[in-house]
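Chemist: My questions will all concern the structure given below.
Computed from the coordinates by the stated procedures, all read-outs in this text should not be read as laboratory data. Just so it is clear, the structure is predicted and the values come from calculations on it, not from any experiment. No Cβ is skipped: glycine too gets one built from the backbone with ideal geometry, and neighbour counts run over all protein chains shown.
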Amino acid sequence: MGRCFVCGRETQNESTLLNQKVCDKCYEKIKNISTRDPDYEYYIGAVKLILQNYVNNL
């Protein structure tokens with residue numbers, strides 16, 4: 001059990017995205033995001049942060 005990197009909620013059902021724990025709800029949202037989605041900027045910002053953390057840890 002851990003916390004989702006994107007939304008911060010505790011979750012038992014999680015995926016790993018570039019070494020970060022992401023709840024299934026956020027993972028599905030990231031996979032299916034479109035520019036017309038009202039949450040687009042939020043989720044794209046989270047993905048950019050995940051990518052930056054991954055690159056910094058290489």
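Chemist: As a test of the formula, what do you get for the chain when each DSSP H run with n ≥ 4 contributes -39,500 (n - 2.57) and the sum is divided by the residue count, at 222 nm and rounded to the nearest 500 deg cm²/dmol?
Modeler: Numbers: 2 runs with 25 residues, N = 58.
Dividing the helical sum by the residues of the chain leaves -13500 deg cm²/dmol.
Chemist: Something else now. For the range 2-56, what percent of Cα pairs sit more than 12 Å apart?
Modeler: On the way: 925 of 1485 pairs.
The share of Cα pairs beyond 12 Å in the range 2-56 comes to 62 percent.
Chemist: If you don't mind, there's one more thing I want to ask. So, counting K/R as plus one and D/E as minus one, what does the shell of residues with Cβ under 14 Å around Leu18 add up to? Before the final figure, lay out the partial values.
Modeler: Numbers: positive: Lys21, Lys31, Lys48; negative: Glu14.
Value of the local net charge: +2.
Chemist: Arranged by the count of other C-beta atoms within 10 angstrom, fewest first, what order do Cys7, Cys26 take?
Modeler: Values: Cys7 15, Cys26 22.
Fewest to most other Cβ atoms nearby, the residues stand as Cys7, Cys26.
Chemist: What is the order of Arg3, Arg36, fewest Cβ neighbours within 10 Å to most?
Modeler: In order of increasing Cβ crowding within 10 Å: Arg36, Arg3.
Chemist: In whole Hz, with x marking every Gly and Pro, tabulate ³J(HN,Hα) for the range 38-48 from phi via Karplus 6.51 cos²θ - 1.76 cosθ + 1.60, θ = phi - 60°.
Modeler: For the range 38-48, the Karplus curve yields x, 9, 3, 4, 4, 6, 5, x, 5, 5, 4 Hz.
Chemist: Follow-up question, since we're still on this one. Please state the relative contact order of the chain as a whole percent: Cα pairs under 8 Å, 6+ residues apart? Mind showing how you got there, number by number?
Modeler: Numbers: 57 pairs, mean separation 15.1, N = 58.
The normalised contact order for the chain reaches 26 percent.
Chemist: About the Cα centre of the chain, what is the dipole size in debye to 20, counting +1 per Lys and Arg Cβ and -1 per Asp and Glu Cβ, all else neutral? Don't jump to the answer; show the numbers that get you there.
Modeler: Values: 8 positive and 7 negative charges, 12 e Å.
Dipole magnitude for the chain comes out near 60 debye.
Chemist: List, in order, the whole-Hz ³J(HN,Hα) value for each residue of the range 27-36 obtained from phi through the Karplus relation with A = 6.51, B = -1.76, C = 1.60 and θ = phi - 60°; use x for Gly and Pro.
Modeler: My calculation for the range 27-36 gives 4, 5, 4, 5, 5, 10, 5, 10, 5, 7 Hz in order.
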